[in-house]
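Just below is one structure, and these are the notes that go with it.
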Amino acid sequence: MPEPVITPQNSKKGAASTFFLRCAIAVLISVLGLPLAGRADQPPSKTNQPQQSGTTPNQDAQSPQDNGTFVIRKDVDEVVLHATVIDDRQRIVTDLTKSDFTVYEDGKPQTIVSFHHEDIPVAMGILIDNSGSMREKRAKVNAAALNLVRSSNPQDEVFVVNFNDEYYLDQDFTNDLLKLKEALEKIDARGGTALYEALVASAENFKNAKLERKVLFVVTDGEDNASRETLEQAVKQLQQENGPSVYAIGLLGDEEHPKRAKRALEIIAQRTGGLAFFPKTLDEVDEISRQVAHDIRNQYTIGYKPTTPKSSGGFRTIRVEAKAKGHGKLMVRTKSGYYAGVSLSK
């Protein structure tokens, strides 16, 4: 409501009325807890920005904001796990509570300080083999990768790496499907397979991620034959604190050494809390990509403070168990361990 016009005749009366009106508004604001509009000393709200050190110990790992994005809120001493629970019929279990879980680090039970079961967005890397043997497979693989994105949380941030004997970041973090499609279509199928180098480079790229959860989706049709990195070095990089879970698809039907290639993908997936798939036909890849999306969207987020401070360093083994009334034997899939004090976060 506009203030009354002050003229020489009504200036005292108008000033008094305006004063009482302003007082009434101030009291109303105070009682209702409304924000003061136009406060020059209030910075704009930040979204998708890492929380600085000094956070409250039991804050959520990620909290929804009014605009639908997520902000990382994690105690610096907290270890966060992302876990999928499977029953004895291989069905994903989604109705467990915090008290149903027990976390062990180096064999010692830990106290869970945060627990969530929500479909929160992830930072995802899509790594596609671009070696010569993949030339005829790329169209269906690309379609499956895009369907993975479509079936995932719409707020996921995704990057694309195409690799042969070298790796190329053809699209950095985005949720624009058109940009991701264009990156996947940069096909130059030639050369060998430097899978381990591509994995290490992708793990490094997660340092630019704004989201806490991290996933790598990898499709390859052969054994690594071009990396300077070893399998052990690649796994160590992926197992740094807050490293990604790896979901791998091995198209190994024509591979000369399928057992060795299969074993490498199984090790990478198992130690990071992901899964490895070995379809018999190319047509199965699309369904697998949707299964991966379903798995990611139905995980539990469990946080604990290790009894041995992270500042002590070293590798820590992790085991998580789940038991709940009404369920038979439950299997919890999460990362098998991490290197304390060495994080992929910025």
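No value in this document is a laboratory result; all are computed from the given coordinates. The structure presented is a predicted model; accordingly, all values stated were derived computationally and were not measured.
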Practice task
May I ask for log10 I(q)/I(0) of the stretch 123-296 at q = 0.16 Å⁻¹, from a Debye sum over the Cα atoms as equal point scatterers with solvent left out?
Solution key: -0.86
Problem - Non-local Lys pairs in the stretch 123-296, i.e. 8 or more apart or on different chains, that have alpha carbons under 14 Å apart - result: 4
Completion exercise
Amide H proximity to residue 214 below 5 Å, modelled H, separation 5+ or other chain, gives 123, 245
Problem - Set of aspartates and glutamates with alpha-carbon distance to residue 305 below 12 Å, sequence-local pairs under 8 removed - result: 75, 77, 78, 105
Problem - Phi to ³J(HN,Hα) by Karplus 6.51 cos²θ - 1.76 cosθ + 1.60 over the stretch 218-231, Hz, x for Gly, Pro - result: 10, 10, 8, 10, x, 7, 4, 9, 9, 7, 7, 7, 9, 4
Exercise for the section: Would you give the gap between the C-alpha center of the stretch 313-327 and the C-alpha center of the stretch 273-310, rounded to a whole Å? Expected result: 16
Problem - Distance between the stretch 77-144 and the stretch 186-226 - C-alpha centres, whole angstrom - result: 18
Practice task
Hey, can you grab everything whose amide H is under 5 Å from the amide H of residue 249? Only 5+ residues off in sequence or another chain; H modelled, so Pro and N-termini drop out.
Solution key: 218, 219, 220, 277
